[in-house]
Amino acid sequence: EAQVTQNPRYLITVTGKKLTVTCSQNMNHEYMSWYRQDPGLGLRQIYYSMNVEVTDKGDVPEGYKVSRKEKRNFPLILESPSPNQTSLYFCASSPGTGIPDTQYFGPGTRLTVL
Amino acid sequence: AQSVTQLGSHVSVSEGALVLLRCNYSSSVPPYLFWYVQYPNQGLQLLLKYTTGATLVKGINGFEAEFKKSETSFHLTKPSAHMSDAAEYFCAVRVSGGSYIPTFGRGTSLIVHP
């Protein structure tokens, strides 16, 4: 089944404890991205990647890191989480064919930073 | 730069009534426009998209949207609401030739009353 998977789905952590949220897609998509969703603010892009080893900042990159060492994986890293990073996070991928293609979203990761 | 404004964070309709969710965009070049739906506790999925050609676009579950360049709008409609349509709806825009990642609106929560 074609899908984007994220792990974990739920995470409660404490300020300053490094964490990684994994994202993997099995559709051989070129493009991947991370969003955070907050009430009243909609989806805001954190980082995106147009290919292996190519990443770029989105609208709200502060406090986050990403890497794209393999085409299928795009982990989101929080080196020192803070309470303002409590949010619902979505990973998405798309074929990257050069036309406005559809993004496929993962199920989300709900992160709480105490 | 591109931006999207969704008018109304909440829209409430009765079952069987017309659904109208408003979206206005800002773009200096021809846009590509999308509507995504998010059901409770799920990721986003594409409802429909406008790229070029016919301005009336039909999507899944009986939804459609019309691109009106003169009004810079891409409103989403459905003739008759069903209880299962209750969800969060996001409009998104991506400009041709720009970043492939779309900019999302803040979302509109559709509430359907029996």
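The values are calculated or read from the model by the stated rules, or taken from the named source; none is laboratory data. Since we're looking at a predicted model, the values are computed, not measured. Every residue, glycine as well, gets a Cβ built from its backbone with ideal geometry; the counts of neighbours run over all protein chains shown. Ligands, DNA and RNA are excluded from the accessible area calculation, which covers all protein heavy atoms including side chains. Shrake-Rupley method; radii C 1.70, N 1.55, O 1.52, S 1.80 Å.
Could you work out the relative contact order of chain A, using alpha carbon pairs under 8 angstrom and six or more residues apart, expressed as a whole percent? Mind dumping the intermediate values first?
Details: 298 pairs, mean separation 40.8, N = 114.
Once normalised by length, the contact order is 36 percent.
Sort B:10, B:82 by heavy-atom solvent-accessible area, probe 1.4 angstrom, most to least.
Largest accessible area first, the residues go B:10, B:82.
Tell me, what is the FRET efficiency for residue A:41 and residue A:69 to the nearest 0.05, using R0 = 30 angstrom and their Cβ-Cβ distance as r? The partial results should precede the final answer.
On the way: r = 30 Å, r/R0 = 1.01.
It comes to 0.50.
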| message | List the pairs from A:69/B:49; A:71/B:58; A:57/B:68; A:57/B:58; B:49/B:78; A:65/B:49 whose alpha-carbon separation is above 25 Å, in the order I gave them. | response | A:69/B:49; A:71/B:58; A:57/B:68; A:57/B:58; A:65/B:49
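Please compute the Kirkwood hydrodynamic radius of the protein assembly as shown from all pairs of different C-alpha atoms, in Å with one decimal. Provide the component values of the computation, followed by the final result.
Values: mean 1/r = 0.0552 Å⁻¹.
Final number for the Kirkwood radius of the protein assembly as shown is 18.1 Å.
At most 12 other Cβ atoms within 10 Å plus a DSSP loop assignment makes a site exposed; report the longest stretch of chain A without any exposed trypsin sites (Lys or Arg not before Pro). Before the final figure, lay out each step's value.
Working: sites that count: A:17, A:18, A:69.
Here the longest segment lacking exposed loop sites spans A:19-68.
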| field | Gaussian network model of chain B, Cα within-10 Å springs - most flexible of B:81, B:65, B:92 | value | B:81
| said: I need the peptides B:44-52, B:69-77 ranked by packing, meaning the mean over residues of other C-beta atoms within 10 angstrom, with the highest value on top. | reply: B:44-52, B:69-77
| note | Averaged over the residues of A:29-39, the number of partner chain Cβ atoms within 10 Å of each residue's own Cβ comes to 2
| request: Determine the residues within the stretch A:77-107 where the difference in accessible area between the chain on its own and the full set of protein chains amounts to at least 50 Å²; count protein heavy atoms only and use a 1.4 Å probe. | output: A:100, A:102, A:103, A:105
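Gain in length, residue A:5 to residue A:26, computed as 0.36 nm per residue apart minus the alpha-carbon separation, to one decimal in nm? Working shown, then result.
On the way: separation 21, 0.36 × 21 = 7.56 nm, distance 0.88 nm.
Stretched out fully, the residue A:5 to residue A:26 stretch lengthens by 6.7 nm.
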| request: With unit charges on the beta carbon (Lys/Arg positive, Asp/Glu negative), name the residue among B:42, B:87, A:8 whose Cα is farthest towards the positive pole of the charge dipole of the protein assembly as shown. | output: A:8
| task | Mind putting a number on the dipole of chain B about its Cα centre? Charges go on the C-beta only, +1 for Lys and Arg and -1 for Asp and Glu, and I need it in Debye to the nearest 20. | result | 280 debye
| How many percent of Cα pairs in chain B exceed 21 Å? | 31 percent
| said: Out of all DSSP beta bridges in chain B, what portion is antiparallel? Express it as a percent rounded to 5. | reply: 90 percent
| said: How big is the dipole moment of the protein assembly as shown about its Cα centre under a simple scheme where the beta carbon of each Lys and Arg is +1, that of each Asp and Glu is -1, and everything else is neutral? Debye, nearest 20, please. | reply: 320 debye
